[in-house]
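Nothing in this text is a laboratory measurement; each read-out follows from the coordinates by a stated rule. All of these numbers come straight from a predicted model, not from anything done at the bench. Glycine gets a Cβ as well: all are built from the backbone with ideal geometry, and neighbour counts include every protein chain shown.
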Amino acid sequence: MTTATLIETSPRAAGWQRIFGRLNNVPLTSSRLHLVRHQTEGLMYVYELDISALTPEERERLIDLLAEEFNLPRSEVASDVDEQGVPIRAEDVLLDRPPVGVAPNFIFLDESVDWQDDNCGWDGEDDDDDI
């Protein structure tokens, strides 16, 4: 299992602390970065929270926090969490090993493409032979 430590100075740290009661050993699906377009903030790198590794209590707190934060019905958030997953901004994450899929000094990005969590062309499998 890939886990992360969330940076305590992040503006989102308090929310993650509320969900997990900690900022370390937060489960990720992998160390693979995903490029997504945020509705208001543009393109950003994220990791995916491993929903299947959450305790039932953590999952409930996650749903409560997201419903409150985005002013959405709890049932809609629960469905979205299961169907779409939950991103964690890469800028908030510390990993034990370098992330998979990032060239150290440059990033190629076609701004004309509407990037909607397409994994930047990776196949989504958790293997390291894509790079």
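Normalised by 2.2 N^0.38 Å, where N is the number of residues, the C-alpha radius of gyration of region 14-55 stands at 1.33.
Going highest first, how would you order 42-52, 78-88 by mean Cβ packing within 10 Å?
42-52, 78-88
Coupling constants for region 77-86 follow from the phi torsions by the Karplus curve (6.51 cos²θ - 1.76 cosθ + 1.60, θ = phi - 60°), and in residue order they are 5, 4, 5, 5, 4, 6, 7, 10, x, 9 Hz; glycine and proline get x. Amide H contacts of residue 4: 25, 26, 28, each under 5 Å away and 5 or more positions distant or on a separate chain (H built 1.01 Å from N in the peptide plane; Pro and chain starts excluded).
7 Å from Cα along Cα→Cβ at both residue 1 and residue 91: what's the point-to-point distance in nm? Here the modelled spin labels are 2.9 nm apart. Label positions at residue 74 and residue 44, each projected 7 Å from the Cα along the C-beta direction, are separated by 2.6 nm.
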